[in-house]
Amino acid sequence: MPPRKNTVRPNFDFATMQRRRKLKSEKSRDKEADRILRLVLKRTGGIRIDGENRTFSLKFSGLQLESLPIEIFEDEFLYEKCERFLVGLDLSANNLKFLDKELGDFGQLKTLDCSKNRLRLLPSTICKLSALTELNVTYNVLILLPRNIHECSQLTMIRAAHNKIRALPPQIGFIPSLLMIDVGHNRIKSIPKSVYYIKKVLNVSSNQLGCLPEPDTKRPRRIRCIEASHNHIDHISLKISSLQMLQSLNLSNNHLVSLPETIGNLQQLIGLDLCENRLEHLPESVGSLDKLRLLDLRKNKLQTLPESMSKLEDLVTLDCAENLIDSLPENVKALKALQSVDFSKNQIRHITDISGMPDLVTMDLSHNCLSHIDNIDEMPVLANLNLSDNQLEELPETLGNLCSLEKIQAANNQLQNLPQSVGRLRSVREIDVTNNQISSFTTSLRKLGKLKSLQAGNNGLTSLPQPFCFLRSLHEVDISNNELTSLTSFGPFPRGIKRLRANGNLFKEGIPGKLFSELKLLTVLDLSSSKITSLPDSVGRLRLLRELNLENNRISHLPETSSNLYSLMRLNISKNDMQKLPSNVLKWRHLAELLASNNRLKQLPEDFSQLPELLKLDVSHNAIEEVEPGIFVMSRLQVLLLNNNRISKLEKNSTEAQSSLREVDLSENCLEEIQTELDNLSKIHYFNASNNNLLEIPHDIHKLKWASYLNFAGNKVQKLPKKMDRMKALKELDLSHNQIEQLPQNMKRCKNLAKINITGNTVTNFPQGFFKMRKLKEILAEENPLAEPIPEKFRPAHLTPVTEEGALYMGEVGLQASVTDVMKVDAEVQTISKSQLKRSTSKKPAARETAEPRKVIKEEPANNESTVAKKRQGRATEKASRAALKPKDATRDAVVVPSAGDKLLLSVRSGNNPPEEGGINSTDNPEYNPQGSKKAVPSKTKDLPKCVTMKTGKSDKRKQSGKKVRFSLTRTQSTLSSPLISATG
């Protein structure tokens with residue numbers, strides 16, 4: 001019987017229940033279990049995988065389960081079958097937050113995969129799975145592993161990476177069959193000593209370890225590999241030498257300053273990774289690592305290498321890049337088995353001899369200070385040589401002895417020529433001498449029959465090797481930014497060239513027609529900035545051409561044969577004198593990008609909107625006056641740049657096709673209205689219509705529901721559309737230099753708005769609650785007659801918040817407010833928030849106007865020389881003002897009149913608590929009525945001056961319950977004084 005009682009009674013009829021009670025034989029019980037399991041798998045979508053001897057596995061991967069099916073633990077027949085024959089359970093990629101403790105009763109379970117769930121703890125009963133061999137709980141939120149997990153004596157692999165584990169069980173390494181434990185990407189700060197008894201791999205990378213534990217010398221250590229990268233390890237114990245079986249040690253990305261001498265006792269070590277530490281030197285004992293094959297010392301502070309390194313006869317890879325080494329160590333030449341060496345990004349200045357390394361395949365000496373290399377020889381299998389970013393003026397003649405060299409990189413040097421012996425490098429496939437001072441190539445270069453790529457841009461080339469056509473395997477040529485005047489004076493080009501970059505030259509003779517007749521395999525052609533005036537008709541023969549760059553030339557038109565470029569995908573003709581495009585551009589069926597800005601185009605070809613694959617169109621800075629409406633609904637067009645033209649009107653599109661546009665720029669045109677249906681442009685993210693003659697923003701602008709940037713600056717807009725608040729994705733809005741007088745009240749519903757610019761308008765007030773928008777960060781409102789200042793946190797950094805005389809910066813106008821202006825009721829009406837009225841019964845204070853105008857006493861700020869006299873005068877003025885403005889009858893409502901020098905604090909006191917001493921409700925005030933007489937409380941406030949009136953909606957209830965509520969208003973000290981009207985009730 002299952003240990004768990006039924007929580008949900010199976011929906012069995014009476015006959016089925018009677019039949020189940022009669023099942024006694026093992027075969028019948030097993031058959032009933034299979035029937036229940038089929039129902040469970042059908043309901044959940046799981047899969048059953050049968051094995052040998054009636055065993056089976058269950059797979060519930062990626063089903064978003066929140067718990068295991070209850071039938072597994074509650075149905076007696078299914079529970080019994082799982083207990084005896086279930087060997088595999090896959091629960092990965094679900095939403096499990098816990099595992100059932102009864103899972104530990106399935107004693108035959110061998111593999112348990114609970115990865116990519118939300119498990120926080122594993123049940124302690126999991127340690128009863130005596131047959132479990134593999135446990136996978138990666139990508140969960142586990143904070144620890146079961147303390148007695150070592151009782152799973154058959155475990156071979158524990159995968160618990162990408163969790164929140166802080167410590168490992170002390171005896172986790174004593175599992176006799178454990179081969180690997182992976183707890184990388186956790187929060188472990190220390191690990192137990194028992195981990196050294198794992199047979200093969202320990203991965204504790206990307207944790208918070210400060211050091212590795214000292215190995216226990218009493219028992220034999222079997223561990224083969226330790227991965228401890230990306231921690232905070234700053235030292236290594238001297239007892240690390242006791243790990244005699246260790247073969248791989250990764251301590252990269254730590255804080256190591258030095259290594260112990262005992263590290264040389266790791267006689268079985270094959271790989272040692274110490275990159276990205278703070279090592280300043282290596283111990284001499286490193287030379288005792290006889291079997292070491294890989295040594296990674298990148299990104300340290302090494303200045304030299306120990307002399308004993310010459311004893312590393314099996315070393316294959318040595319990486320010392322990004323250190324402080326100033327000379328190539330002589331002992332490196334003694335490493336006969338070395339195949340790859342990297343000394344890039346050091347401070348090496350001179351190398352006398354590089355030879356005697358028979359197995360070396362790759363050498364990287366780039367980003368150093370090399371000015372001279374005397375000899376490079378006796379490296380018969382060297383294939384890659386990188387000497388880029390140095391100060392070399394020449395390469396040694398012995399370079400030609402490297403018969404297996406395939407790739408030469410010598411860019412960013414001061415080379416004036418290549419050695420004559422380079423012609424003997426018959427295996428070379430790539431030469432990169434970009435950004436040097438080479439004026440011409442040696443004639444021996446034509447012997448390089450296997451050369452595929454020649455990079456010679458940014459030199460002073462006046463000619464190419466002759467005859468150039470001998471380089472028959474050449475596929476890519478870069479001769480950009482040189483001093484070439486012709487492309488045919490040195491003979492025909494190799495016919496196999498696919499990518500030719502010749503931009504930045506001075507082709508005064510133009511482009512000969514026979515050039516394109518020969519290069520029929522061209523896919524990329526760059527002739528930009530070459531002062532070309534025209535293209536030959538033979539350009540139409542480049543049927544495989546995909547990219548053509550003619551930017552910054554003097555071309556007035558393209559030949560009609562250019563429409564035969566059927567494979568063209570990118571065309572750049574910007575900054576030319578183009579007046580029109582070829583009429584039959586529809587043949588460019590694969591064109592994805594057309595850049596034609598800064599020309600003299602007046603119109604686009606007819607049916608231009610029929611290009612099926614066009615993604616980007618840039619015809620800005622032209623003279624276009626009219627645009628075909630269908631261009632806005634092209635099937636795949638995403639970027640449309642029409643700015644700086646002469647477009648005056650956008651007509652409606654007759655079709656209802658949905659546009660794919662993401663970015664539209666219509667700025668700097670003559671638009672007076674936008675009639676395009678915005679329903680079809682709902683995918684736009686960026687819309688710019690600034691500096692036009694628009695009188696209004698389209699009323700359906702809210703249909704751009706994905707727009708995050710809108711710019712209507714420099715127009716004649718007077719008001720915003722009413723439904724603009726529906727633009728929930730809007731982040732930046734530019735309305736500067738228009739004629740807007742007021743922002744709509746519903747603007748505060750644009751929840752993602754982060755920046756708004758209303759500079760140069762006539763806005764006086766912001767909508768109520770506008771400054772409470774959560775994501776609003778910046779407000780630009782210069783040249784507006786704002787009546788209230790913009791909060792400090794919304795002002796841009798370049799604006800000064802305080803004027804010279806110390807007055808508050810009022811909005812973006814910068815006017816100094818006088819006392820009289822500040823005291824005007826229309827300019828400043830303070831509302832009291834709910835946080836200040838915690839015990840008040842009023843939710844929304846109401847403003848009442850008065851019939852009689854309020855008298856205001858004008859007073860200048862206090863002078864430092866006569867502070868005492870001014871204070872006395874202020875007190876007398878305040879007393880007179882109170883007497884003059886005091887109403888005939890007291891009121892039950894609490895009234896606050898704002899002023900420039902007073903900060904009003906509202907305090908609510910209930911019951912019979914005594915009022916504050918000297919407060920408005922104190923006994924010193926003649927208007928204070930301690931009994932709360934009803935005669936002193938008028939029913940209306942018509943005779944009161946214009947002010948903020950707070951009315952309590954729950955006052956009647958409080959009155960009925962017998963509780964008295966007193967409102968008191970206190971004033972803080974200030975150099976300015978103003979009338980204060982108060983009433984108590």
With +1 on the Cβ of every Lys and Arg and -1 on the Cβ of every Asp and Glu, the dipole magnitude of the stretch 132-219 about its Cα centre, in debye rounded to the nearest 20, is 180 debye
Can you bin every Cα-Cα distance in the stretch 152-252 into 10 Å intervals starting at zero and give me the percent of pairs per bin, rounded to whole numbers? 17, 54, 28, 1
How high is the FRET efficiency from E214 to E83, r the C-beta distance, R0 41 Å, rounded to 0.05? 0.40
Send over the semi-axes of the stretch 422-559's equivalent ellipsoid, whole angstrom and largest first, taken as the square roots of 5 times the C-alpha gyration tensor eigenvalues. 24, 17, 12
For the stretch 455-546, accessible area per residue (1.4 Å probe, heavy atoms of protein chains only), Å²: 41 Å²
Please compute the per residue accessible area over the stretch 343-443 with all protein chains in place, 1.4 Å probe, rounded to a whole number of Å². 40 Å²
Just to be sure I understand the model, the point goes 7 Å from the Cα along the line to the Cβ. What's the resulting S427 to L506 distance in nm? 4.3 nm
N95 versus E651, label points 7 Å from Cα toward the beta carbon: distance in nm? 5.4 nm
What number comes out for the charge environment of P744, summing +1 per Lys or Arg and -1 per Asp or Glu over other residues with Cβ under 10 Å away? +4
Please tell me which of these pairs span more than 28 angstrom C-alpha to C-alpha: K311/K345; K580/K683; K31/K97; K31/K59; K703/K775? K580/K683; K31/K97
Roughly speaking, to the nearest percent, how much of the stretch 185-252's 1.4 Å accessible area is carbon and sulfur? 50 percent
In Å², nearest 10: area of S609 left accessible to a 1.4 Å probe: 20 Å²
Along the charge dipole of the stretch 359-447, pointing to its positive end and built from +1/-1 on Cβ of Lys, Arg, Asp and Glu, which listed residue (N435, P380, L445) has its Cα farthest out? L445
With the full set of protein chains in place, find how many percent of the accessible area of the stretch 580-697 is carbon and sulfur; take the probe as 1.4 Å. 40 percent
Run the dipole for the stretch 66-148 about the Cα centre, Lys and Arg Cβ at +1, Asp and Glu Cβ at -1, nothing else charged, and hand back the magnitude in debye, nearest 20. 540 debye
Lys/Arg Cβ at +1, Asp/Glu Cβ at -1, dipole of the stretch 344-398 taken about the Cα centre: which of M357, L395, Q347 is farthest positive-ward? Q347
Cβ-defined net charge surrounding T55, 13 Å radius [Lys, Arg +1; Asp, Glu -1]: +1
Given Cβ point charges of +1 (Lys, Arg) and -1 (Asp, Glu) and nothing else, what value in debye, to the nearest 20, does the dipole of the stretch 250-300 about its Cα centre take? 160 debye
Going by Cα centres, the stretch 526-561 and the stretch 74-146 are how many Å apart? 68 Å
Please work out how much accessible surface D577 shows to a 1.4 Å probe, ignoring ligands, DNA and RNA, in Å² rounded to 10. 60 Å²
Between R187 and D607, what's the calculated FRET efficiency when r is the beta-carbon distance and R0 is 56 Å? Round to 0.05. 0.35
Could you rank S355, S130 by how accessible they are, 1.4 Å probe, largest area first? S130, S355
Straight-distance crosslink candidates among aspartates and glutamates, where the alpha carbon sits under 14 Å from K301 and sequence neighbours closer than 8 are dropped: E276, E280, D319, E322, D326
Binning at 10 angstrom from zero up to the longest distance, how are the C-alpha pair distances of the stretch 360-406 distributed in percent? 27, 57, 16
Can you give the Rg and Dmax of the stretch 342-383 based on its C-alpha atoms, in angstrom? 10.6, 27
Just how much of L521 is accessible, in Å², when a 1.4 Å probe is used and the result is rounded to the nearest 10? 80 Å²
On average, how much accessible surface per residue is there in the stretch 631-788, in Å², for a 1.4 Å probe, leaving out ligands, DNA and RNA? 48 Å²
Quick calc: nm separation of the 7 Å Cα→Cβ label points for L144 and K514 -> 8.6 nm
How large are Rg and Dmax for the stretch 29-84 when only the alpha carbon atoms are used, in Å? 11.0, 31
Can you pull the percent of the stretch 266-310's accessible area that's carbon plus sulfur, 1.4 Å probe, other chains left in place? 42 percent
Just how far, in whole angstrom, is the stretch 216-279 from the stretch 583-659 if you go by their alpha carbon centroids? 64 Å
Hey, how much of the P(r) for the stretch 211-332 falls beyond 23 Å, as a percent of Cα pairs? 24 percent
Listed residues N738, T759, L720: farthest to the positive end of the dipole of the stretch 704-792 (Cβ charges): L720
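The values are calculated or read from the model by the stated rules, or taken from the named source; none is laboratory data. Owing to the predicted nature of the structure, the values given are computational and were not obtained by experimental measurement. Backbone-built Cβ (ideal geometry, glycine too); neighbour counts: all protein chains shown. Heavy atoms of the whole protein, side chains included, go into the accessibility calculation; ligands, DNA and RNA do not. Shrake-Rupley method; radii C 1.70, N 1.55, O 1.52, S 1.80 Å.
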